[in-house]
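Before any comments, here is the structure.
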Amino acid sequence: MDLISTSIKDLFIVQPKVFEDARGYFFESYNESVFKLKDIHENFVQDNQSLSQTGVLRGMHFQAPPFAQGKLVRVIKGAVLDVALDIRKNSPTYGKHVDIVLDERNKTMLWIPAGFAHGFLTLEPDTIFSYKCTNVYNKASEDCILWNDPYLNINWDVKNPTLSEKDMQGKLFKDFISPFN
């Protein structure tokens, strides 16, 4: 497994070594010692999974401290456009994002530390998405930045995604006060 730096500090693309043969495939989806080599010392305490149809957009979500979550995300079945937005106010990349296609074929994952908002757009029917989280879900700590805020300039390449009520009412970035340093 390789952790590949992105244009944003502390955000890593995780590329597993996949072993395929006539039976199928095998890969390591997490290895603590590899993460420690990049100075990531997190304990995962909750795993989540979602099923979404093509055109569902979930994001841009995060949990505020003390329930902030780091997430190791991947697609089990299907494909997504995955987006991580830096909301650490003292970061030189505050307000910048990285996007990447994660799918069942490339088996690529993304490590998203606390201090990022996260979202994804499903690109295929019956997409199963997995989140390995460093903190438990806490409804009172959750928040959402508007997925299509023009300031963020995220190219979702979709006109009318299927959204939750929460995602339709996300905050504009200019009105957002980050709880992360």
Inset, instruction - May I ask you to list the residues in region 114-160 that are in contact with a Ser or Thr (Cβ under 9 Å, 6 or more places away or on another chain), closer than 14 Å to MET60 by Cα and assigned to a loop (DSSP other than H, G, I, E, B)? - result: ALA114, GLY115
Inset, instruction - Take region 40-55 and flag every residue that is buried (at least 16 other Cβ atoms within 10 Å of the Cβ) and farther than 29 Å from GLU124 by Cα. - result: ILE40, GLU42
Inset, instruction - Output the residues belonging to region 90-149 that are more than 15 Å from the chain's Cα centre (by Cα), within 25 Å of GLU28 (Cα to Cα) and basic (Lys, Arg). - result: ARG105
Inset, instruction - Can you tell me which residue among LEU110, LEU85 is within 19 Å of PRO16 (Cβ to Cβ) and crowded, with 22+ Cβ neighbours inside 10 Å? - result: LEU110
Inset, instruction - Only strands (runs of 3 or more DSSP E) wholly contained in region 1-104 count here; list those with 2 or more residues that are more than 23 Å from MET168 (Cβ to Cβ), modelled with pLDDT of 95 or more and among the charged types (D, E, K, R). - result: 19-21, 71-77
Legend entry - Of residues in region 89-107 being closer than 18 Å to PHE180 by Cα and out of contact with any Ser or Thr (no Cβ under 6 Å at 6 or more places or on another chain), the one surrounded by the most Cβ atoms within 10 Å (Cβ to Cβ): HIS97
Legend entry - Filter result (free of Cβ contacts under 8 Å to residues at least 60 places away in the same chain and under 12 Å from the mean Cα position of the chain (by Cα)) within region 38-73: VAL73
Legend entry - region 141-165, subset free of Cβ contacts under 8 Å to residues at least 24 places away in the same chain and not polar (S, T, N, Q), residue nearest to GLY115 (Cα to Cα): PRO150
Inset, instruction - Scan region 104-124 and give yes if some residue there is closer than 26 Å to ASP2 by Cβ, free of Cβ contacts under 8 Å to residues at least 40 places away in the same chain, touching a strand residue (DSSP E or B) at 6+ places or on another chain (Cβ under 7 Å) and not hydroxyl-bearing (Ser, Thr, Tyr), otherwise no. - result: yes
Legend entry - Residue match in region 135-157 (condition: surrounded by 16 or more Cβ atoms within 10 Å (Cβ to Cβ), among the small types (Gly, Ala, Ser) and either under 18 Å from SER5 (Cβ atoms) or touching a Cys at 6+ places or on another chain (Cβ under 7 Å) (or both)): no
Inset, instruction - Could you please let me know if ASP167 is out of contact with any helix residue (DSSP H, G or I) (no Cβ under 6 Å at 6 or more places or on another chain), surrounded by fewer than 17 Cβ atoms within 10 Å (Cβ to Cβ) and either of a type in the set (A, V, I, L, M) or modelled with pLDDT of 95 or more (or both)? - result: no
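The values are calculated or read from the model by the stated rules, or taken from the named source; none is laboratory data. Just so you know, these numbers come straight off a predicted model, no measurement behind them. Virtual Cβ from ideal backbone geometry, glycine too; neighbours counted across all protein chains shown.
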